[in-house]
Amino acid sequence: MSDVSTSLPSSTAALSAARSAASPETVVVTARSVRVEPAHSSSESWFIQRINPVSRFIGALLMSLPMFITLDVVSACTALGLELVLLWIGGINPLRVLRRTWPVWIAAVGGFLTVFLYGKASGDVYFHWGIIDITQGSVSLSIATFARVGAVAMPSVILALGLDPTDLADGLVQLLHLSPRFVYGGLAGLRMMTLLKEDWHALGLSRRSRGLGDGGRVRAVATQSFNLLVLSIRRATKLATAMEARGFGGDTDRSAARVSKVHAVDWIFYAIALAIPVVALSAAVVTGNWHFAFGSV
Amino acid sequence: MIARDTATATLPLSSSAAQVSAHGWGWRHSGRKDFALRNVSFDIHPGERVLLLGASGAGKSTLMAAMAGVLGGTDEGEQEGSLSVDGLDARAARGHVGLVLQDPDSQTILARLGDDVAFGCENLGLPRDEIWRRVRHALDVVGLGGISLDHSTSQLSGGQRQRLALAGALAMQPGLLLLDEPTANLDPAGVREVRDAVRRVLDATGETLVVVEHHVDIWLPLVDRVIVVAGQSSEGLGEGIVADGRPEEVFDRLGAQLAAAGTWVPGRQLPDFSAVAGNERTENSAGSADDSAYSDSSHRSRTVLSTHDLSFGRDSQALGAGLNLEFHSGEVAALMGPNGAGKTTLALTLAGLLAPISGTVDYHGDISRGVGDADGADASSRRIVNEPIAWRSRDLLGRIGMVMQEPEHQFVSSSVLDEVMVGPRSMGRSEDQARHDAEELLEQLGLRRFGPANPFTLSGGEKRRLSVASMLAAAPQVVVMDEPTFGQDFTTWTAMARLIARIRDEGKAVILVTHDEDLVTTLGARRIMFAEGAQR
């Protein structure tokens, strides 16, 4: 791809001739069309792709909020199991799910260890050393914690991955009737984040080139942050001007070029999103494992 | 009924061309003593195509923003007189005027091509079918019709993004199209793309056009009227509208005066600053007696910088590889080629700011002498001495100077004078000496009167000159400049070219990244062309 050659003047003597020669030196670079990144889809799952972005948010809430009212192993594991199976059907196999959501599992392991080692003691004591108390109660509670963090966070992350900000903004304005001025202003600002990242990089290079790049890292970051703030305000002002020039923020009611609608598939998704915690919580009640989170126990 | 039918049956993008009238109009930015522009009076008739000229900093962009109704309210400045579009105050007519600016980054609003064009139509509250009809037509007219509406706007070239901005304005059927240096950031191919797109737009719509551009040759075939403005600070021509008429009239009658005041008049003779022949250069090295290379007149040009099997790029993605280039003292080398090819990346790598992906950038001779001495680093290591990426930041001062692509990235001070004094101060010059050097540089680049002003309040062309001045203040041996002549009128352009020639004749190596063919010709620079390789 980046196979490259360059003609070079070999000696200083030949240079004057080379300089005035009709054919200039050439640097061959990778063609830009090869550098283009692949188009991204709004989700790896064929099912999630079809759901309205706003539904994705609401569905995630429906799925996770009920899971907070009990602390048992059974409901957490049931929900987690159901979610993995459903995602598999939806087109993402469990291994892929784990790979996409690895930070969730680090958090889950953290929760597991905390409760496992330091959790409230109950039942048989398996191991005791200092403040570390491993008991029957702490073992089951730690497994429950692990599964619960996974069951709540994993589907939310999967649903959020690949979410298109423009589509979400459309949904927020058209379905939830949020102020277009606020939503589209925020959307345009979001696009600026990439520019700010480039600005930060360029500011760092410029400081180095101007002899200001040595010395304490902390001070460098502080001054550079201030420069970035100044630049971001400049950028925001320019962007606001461009948006105003296109009639944004005027008195006319804004119309919508893209339709954001709730389809049958969204209702199916809502049903599934509700069914998961219902089944999981029922399983806990039926098996007698229900453990009310806000109880006095 | 009938009237409505005919209205909908007209050409998809035809709109009634707008009339613009200014009467004694003026604007003073809050916090500035002088008016940016004053006593501006004109009537631009529907369908007229106007080229707006003026020196760098004359207030052209201010006038454009005012006509677009986006200049801001009373907290941002003070207005006098009146400015109206189709009889409406320009602010009230906002949204009925299409504005295209020079910086594609600040006018791409949404992530997908079609959505971005539709944005303005949505704000006008148009029905959906109408929006998409206009979007497709606007994209066709500017020559982007072949690209999917879902295409990511961040992956368009500079020329494409400017045409996208044009399409966004066009879809609103504005009646008045304002273009503020729309091609300033583009390579020659991009300039032609945009100019041709504008021509098609005007042929299709008959809209009124006002375009600002220093390089008049691009737009002259398209315009039928030239208006020249001068701000309070402009010298020689007076204030407000200094010329107004058909292009040939204006240039015939006032050509010499306009040229003297810095306007690029058509067919203008370029100065010749190509390298002085032979031994003249050696006199410049008289001061450095220990410099053997200079005093040896048979090698008046020595290699100060070379690359060896260099791969350059960002984020470990190589743009070019296997590069063996040499740069010489007393030579101007110009990196040229299309937007986005990687010229800037190579320039940053040569300047010791970006690490090579593989291979090396080596500095030779006494440029690297003394690098790393101060803190007792291992100066015997070849790498530390020759490869600038391993140098400390302070060691770059006095050795390599870089003018960044975006001048605003360079500013670290709150006043123009301080900005130029940063380098000399860091190099341990006395305060008086630093001030003296800084003021001299500012004088040369026509910025002296801005000494106490905030760098961010300068015009685009002035910012560019300031970034050059602050880099030169650190007296580098190798000078790397990314688009040094951007936004300059003829006077400041000539001053910049002369300054570059002087640096070269002092025996320094100059590396330019530029699209400016005239500059390369004037300096007789060595060209290094970037070309895209075959795909795979």
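The values are calculated or read from the model by the stated rules, or taken from the named source; none is laboratory data. Quick caveat: nothing in here was measured; it's all calculated off a predicted structure. Please note: Cβ atoms are built from the backbone with ideal geometry, for glycine as well, and neighbour counts cover all protein chains shown.
If you take the residues in segment B:308-321 that are out of contact with any Ser or Thr (no Cβ under 6 Å at 6 or more places or on another chain), more than 9 Å from chain A (Cβ to nearest Cβ) and assigned to a strand (DSSP E or B), which one is surrounded by the fewest Cβ atoms within 10 Å (Cβ to Cβ)? Among those that are out of contact with any Ser or Thr (no Cβ under 6 Å at 6 or more places or on another chain), more than 9 Å from chain A (Cβ to nearest Cβ) and assigned to a strand (DSSP E or B), it is B:D309.
Before we move on, is A:L187 within 30 Å of B:R112 (Cα to Cα) and touching a Ser or Thr at 6+ places or on another chain (Cβ under 9 Å)? When the stated conditions are applied, A:L187 passes them. Output yes when any residue across segment B:278-298 is β-branched (V, I, T) and either buried (at least 18 other Cβ atoms within 10 Å of the Cβ) or modelled with pLDDT of 80 or more (or both), and no when none is. For segment B:278-298, residues β-branched (V, I, T) and either buried (at least 18 other Cβ atoms within 10 Å of the Cβ) or modelled with pLDDT of 80 or more (or both): absent.
Residues in segment B:102-123 that are in contact with a strand residue (DSSP E or B) (Cβ under 8 Å, 6 or more places away or on another chain), more than 7 Å from chain A (Cβ to nearest Cβ) and within 28 Å of B:K60 (Cβ to Cβ): 1 in all. Per the listing A:A280, A:A236, A:A256, the residue uniquely assigned by TED's automatic domain parsing to the domain that holds A:I89 and either of a type in the set (G, A, S) or farther than 30 Å from A:I58 by Cα (or both) is A:A280. Only a single criterion out of (1) over 21 Å from the mean Cα position of the chain (by Cα); (2) at negative phi is not satisfied by A:A160, namely (1).
Within segment B:141-162, is even one residue among the acidic types (D, E) and within 30 Å of B:L447 (Cα to Cα)? There is no residue in segment B:141-162 that is among the acidic types (D, E) and within 30 Å of B:L447 (Cα to Cα).
Among the residues of segment A:205-227, is there at least one that is surrounded by 13 or more Cβ atoms within 10 Å (Cβ to Cβ), within 30 Å of B:L170 (Cβ to Cβ) and of a type outside the set (D, E, K, R)? Scanning segment A:205-227 turns up no residue that is surrounded by 13 or more Cβ atoms within 10 Å (Cβ to Cβ), within 30 Å of B:L170 (Cβ to Cβ) and of a type outside the set (D, E, K, R). Checked across segment B:509-528, the condition of being more than 30 Å from B:G267 (Cα to Cα), within 14 Å of chain A (Cβ to nearest Cβ) and either surrounded by 24 or more Cβ atoms within 10 Å (Cβ to Cβ) or of a type outside the set (V, I, T) (or both) holds for at least one residue. May I ask you to verify whether A:Y184 is on the phi < 0 side of the Ramachandran plot and part of a strand (DSSP E or B)? It is false that A:Y184 is on the phi < 0 side of the Ramachandran plot and part of a strand (DSSP E or B). Of all residues in segment B:148-198, those satisfying the criterion of being within 12 Å of another protein chain (Cβ to nearest Cβ) and either without any contact (Cβ under 8 Å) to a residue 40 or more places away in the chain or on the phi > 0 side of the Ramachandran plot (or both) are B:S148, B:L149, B:D150, B:H151, B:Q155, B:Q160, B:Q173. Please go through segment A:238-267 and give me each residue that is in a helix (DSSP H, G or I) and more than 9 Å from every other protein chain (Cβ to nearest Cβ), ordered by number. Within segment A:238-267, A:A264, A:V265, A:D266, A:W267 qualify. Scoring B:S430 on the criteria (1) among the small types (G, A, S); (2) surrounded by fewer than 19 Cβ atoms within 10 Å (Cβ to Cβ); (3) touching a strand residue (DSSP E or B) at 6+ places or on another chain (Cβ under 6 Å) leaves a single failure, condition (3). Residue pairs whose Cβ atoms lie under 7 Å apart, sitting 6 or more positions apart in sequence or on different chains, and linking a residue in segment B:418-437 that is within 13 Å of chain A (Cβ to nearest Cβ) to a partner that is of a type in the set (D, E), are B:P424/B:D437. Here A:G215 fits the description: more than 7 Å from chain B (Cβ to nearest Cβ) and on the phi > 0 side of the Ramachandran plot. Would you be able to say whether some residue in segment A:204-223 is more than 23 Å from the chain's Cα centre (by Cα), closer than 30 Å to A:S260 by Cβ and in a helix (DSSP H, G or I)? Scanning segment A:204-223 turns up no residue that is more than 23 Å from the chain's Cα centre (by Cα), closer than 30 Å to A:S260 by Cβ and in a helix (DSSP H, G or I). Candidates in segment B:322-342 are the residues that are facing chain A (nearest Cβ under 7 Å) and outside any strand (DSSP E or B); of these, the one that is farthest from B:T485 (Cα to Cα) is B:N324. In the set B:T522, B:T485, B:T514, only one residue is at pLDDT below 90 and among the polar types (S, T, N, Q); that residue is B:T485. Given the criteria at the interface with chain B (Cβ under 7 Å from one of its Cβ atoms) and either within 29 Å of A:D167 (Cβ to Cβ) or part of a helix (DSSP H, G or I) (or both), does A:L231 qualify? Taking the combined requirement at face value, the residue satisfies it.
Just one residue in the set A:L231, A:L203 is within 24 Å of B:P104 (Cα to Cα) and touching an Asp or Glu at 6+ places or on another chain (Cβ under 6 Å); that residue is A:L231.
The requirement of being of a type in the set (D, E), more than 10 Å from every other protein chain (Cβ to nearest Cβ) and closer than 27 Å to B:S16 by Cβ is satisfied by B:D86. When restricted to residues that are away from chain A (no Cβ under 12 Å), under 20 Å from the mean Cα position of the chain (by Cα) and not in a helix (DSSP H, G or I), segment B:391-417 contains 0.
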